[in-house]
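Let me begin by presenting the structure, written as structure tokens, before commenting on it.
The values are calculated or read from the model by the stated rules, or taken from the named source; none is laboratory data. Just so we're clear, the structure is a prediction, and the values are computed from it rather than from any experiment. Virtual Cβ from ideal backbone geometry, glycine too; neighbours counted across all protein chains shown. Areas reflect the complete protein model, heavy atoms only, side chains present, ligands, DNA and RNA absent. Shrake-Rupley method; radii C 1.70, N 1.55, O 1.52, S 1.80 Å.
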Amino acid sequence: MSNAPQPAEAEGSGPRILRRADLAIAAILVVIAIATFAASSGFPVAKLGNDVGAARFPRIYAVVLVVLAGLLALQAWRRPVPAGATAPTAERRQALPRVMAGMGICLACFVAMQFVGFVPAALTQFVGLMLLMGRRHWVQTTLIAVALTAAVYFLFVNGLNVPLPLGIMFE
Amino acid sequence: MNEISMLFAGFGALMADPLALVLAVVGVTVGIVIGALPGLTATMGVAILLPFTFGLDPLAGLLMISGVFFGGIYGGSITAILLKIPGTPAAAATAMDGFELTRKGQAGIALGTATLSSFLGGTLSILVLVFMAPVLAGFALKFSAAETFALAVFGLSIISSISGNSPIKGLVAGFLGLLLATVGLDPMAGLPRFTGGFTELFTVPFIPVMIGLFAAAEAFKSLETMDLKGRSAAALGRIIPPWPVFRPLIGTIGRSSALGIGIGIVPGAGADIAAFVAYNEAKRFSHTPEEFGKGSLAGVAACESGANGCTGGALLTMLTLGIPGDAVTAVMLGALTLQGLQPGPLLFQEHTDLVYTLFAGMLVCYVLMLVIGLGLLRFMGRILRMPKSVLTPAILLLCVVGTYAINNSMFDVGIMFAAGIIGYFMQKWDYPASPVVLALIMGPMAEANFRRALSLSGGSLDFLYTRPITVVLLSVAILTLLMPLYRGFFGRPVASKDTSVSGGVE
């Protein structure tokens, strides 16, 4: 769950970042549209005489995305950005690296799960994320991770007959 | 009226069959639990329990499955409200306002409202099924590909309504979702599109994307701050809403239930579509539409009553015409056939007693859903007492397991994480995630039915303007789409938004 509202973003830096993000996304949308046209050029022509074919709808969506990219860029350009900015707080500076670290832990465990299976990877992810969020009591953290991982495991595998990954090493 | 006396006779027959009542309790409980768990849907629950019905008498077996169906649709709202993890696709709409209410410390009221609304919507839909089945069956027959296409377009037009502060960004999210929905097998020719050779992409990875965009993204957002003091994530508070708070919602519940029943009757349109359409109409009729998306009880009530109102409509089409309205009723159709019962007009004539006993049992199932649901809420609400430093990793673990459970595929888990990362940045930069989910639901329905309608009309587009239901739906869709867009783009420029506060409003 999210926290109570964060300290207010430094005046000017939030809107500036938002404008850059919108402009970058507008550019990405154009790239996606071009890629769609390129990828759909190889689709076969419809065999049914009255069908529009497999490429029609994706291309319509791609054209609309290009139009929206233009509107997005225009809207970003029109949006007022207050002049001057103060540095973000220390907490705000640490927020994104912490999130990226959390994403990294999840992705690493996702890769590991395919080799070692659910239990070791899930335990590692659990402990890693709890430590990332500030827990420092190693024993308590590990016990909580073991208990909750076991609960999820038994609920799905034994309770609902839903198998969980065993991992290539143990299959 | 004849139906009333037959219904009372059905109650009498039901009371004489305690096994059926016990299995109804089992079905509802299993349904609520399965519905609450991400990745497990009502369809899966029905499919899991179907083999157990082989040895049972028809009434007991069908009631158990009905219980799973009703409980599953409702159960998705619990985790949607508490944790922003929609347990079922229909709950994605509930998560929009339900989770905002949890943030405000009103999780209990939101859950109680969802439970009561589900009960009222579902009960109303069963009563409509009992008394109006033959009349409404005729309405279902008027829907062909053209009308279903128009319904899908109407559903898609809701994107502009749930786009929060920026309709442009909402449309971007929506059309990206539509493009994503074209990944997979072409609906007419069956050829792979944009799959890159991955067979896992032959079907739209809708649920992994939904879990990622909603639940994983929110969990990643929670990582922004450390939880040094181990505070509880949120408070549950009071569960049953006070009467002065609930009374204004009754009109919304009635309207949403009617919409749900109407949409449930249409084959191929399920609870997820009903929930979003009901939400949109509740916002349209509200005196305070600006509160939707920021924690409106009316939003929660509309979604839940609309989704559960769909159950009676879907059952109506299945029982009277033998046409399953969605995946769950398709499985139930199989269950009926296995029991030697052929759905259709003759079912009501040849098995009248059984049919009305089944209707009575369905009403009892909804009462059980209300009682069991309210009883489980305090227990499930303890989830909120967990510190964030424990709850956030638990949510991410549940996302992994729930996603894997769909197809036993780590590929789906990878998609879920990708969607979670994208969803996090979408939140940071004010791009709403709900339009993506809506587009993934409606996009395939729109394209497939448009192309089908075009084939049926011999390549002519006249089906767009010669069929009354199609014209009405498309006209409303155009109005729904254009008005917020016009206000958003040609109104005053939006003031700089503090992106660190709460991200995009969905």
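Laid out as a table, the results:
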| item | result |
| --- | --- |
| Alpha-carbon radius of gyration plus Dmax, which is the widest Cα pair, for segment B:81-172 in Å | 17.4, 46 |
| Rg/Rg_globular for segment B:271-395, with Rg_globular taken as 2.2 N^0.38 Å and Rg from C-alpha atoms | 1.41 |
| Isotropically averaged projected area of segment B:371-421, using the convex hull of Cα atoms (one quarter of hull area), nm² | 4.7 nm² |
| Accessible carbon and sulfur surface of segment A:96-171 relative to its total accessible area, %, 1.4 Å | 75 percent |
| Where labels lie 7 Å past Cα in the beta-carbon direction, separation of B:V245 and B:N2 in nm | 4.7 nm |
| Rg/Rh ratio calculated on Cα atoms of chain B (Kirkwood radius) | 0.96 |
| Test item: A:127-140 mean partner chain Cβ contacts at 10 Å | 4 |
| At least 24 Å along the helix axis (C-alpha) and Kyte average at least 0.0, DSSP helices within chain B | B:18-36, B:58-83, B:107-141, B:297-321, B:352-381, B:388-407, B:410-428, B:434-456, B:468-490 |
| For B:A446, net neighbour charge (Lys/Arg +1, Asp/Glu -1) across residues whose Cβ lies under 13 Å away | +1 |
| Å² per residue, accessible surface of chain B at 1.4 Å | 33 Å² |
| Theoretical FRET efficiency, 1/(1+(r/R0)^6), r = Cβ-Cβ of A:V31 and B:L456, R0 41 Å, to 0.05 | 0.65 |
| Solvent-accessible area, 1.4 Å probe, carbon plus sulfur percent, for segment B:1-119 | 76 percent |
| Dimensionless Rg over Rh [segment B:2-76; C-alpha; Kirkwood] | 1.06 |
| With 10 Å bins from 0: P(r) over the protein assembly as shown, alpha-carbon pairs, percent | 3, 15, 26, 27, 19, 8, 2, 0 |
| Amide hydrogen neighbours beyond the local backbone of B:I85, cut-off 5 Å, H modeled | B:A80 |
| Two-site FRET efficiency, B:R378 against B:N165, from Cβ-Cβ distance with R₀ of 45 Å, rounded to 0.05 | 0.80 |
| Rg followed by Dmax, in Å, when segment B:165-318 is reduced to its Cα trace | 19.5, 58 |
| Cα Rg, Dmax, segment B:234-318, angstrom units | 13.5, 42 |
| Other protein chain Cβ atoms within 10 Å, averaged over every residue that makes up B:355-363 | 0 |
| Set B:K169/B:K388; B:K142/B:K283; B:K283/B:K428; B:K84/B:K388; B:K104/B:K169 screened for pairs whose C-alpha atoms are more than 22 Å apart | B:K169/B:K388; B:K142/B:K283; B:K283/B:K428; B:K104/B:K169 |
| More than 12 Å apart - percent of Cα-Cα pairs taken over segment B:13-52 | 60 percent |
| Helical contribution to [θ] at 222 nm, DSSP H n ≥ 4, -39,500 (n - 2.57), averaged over the protein assembly as shown, rounded to 500 | -23000 deg cm²/dmol |
| Using a Förster distance of 30 Å, the FRET efficiency for A:A38-B:I469 (Cβ separation, nearest 0.05) | 0.20 |
| Paramagnetic reach from A:H137 in segment B:373-395 [backbone N under 15 Å; point 7 Å along Cα→Cβ] | B:386-391 |
| Residues whose placed amide H lies under 5 Å from that of B:N165, excluding near-sequence neighbours | B:V505 |
| Mean projected area in nm² (Cα convex hull; one quarter of hull surface) for segment B:312-463 | 15.3 nm² |
| Whole-Hz ³J(HN,Hα) from phi, Karplus 6.51 cos²θ - 1.76 cosθ + 1.60, for segment A:148-162, glycine and proline x | 6, 5, 5, 4, 5, 4, 5, 4, 7, 6, 8, x, 10, 6, 9 |
| Per-residue SASA entry for B:Y431, accessible area with 1.4 Å probe, Å² rounded to 10 | 10 Å² |
| List of segment B:398-445 residues, accessible area with partners at least 50 Å² below that of the chain alone (1.4 Å probe) | B:V401, B:Y404, B:M410, B:F417, B:W429, B:Y431 |
| Area hidden from solvent between A and B (accessible, protein heavy atoms only, 1.4 Å, total, Å²) | 7100 Å² |
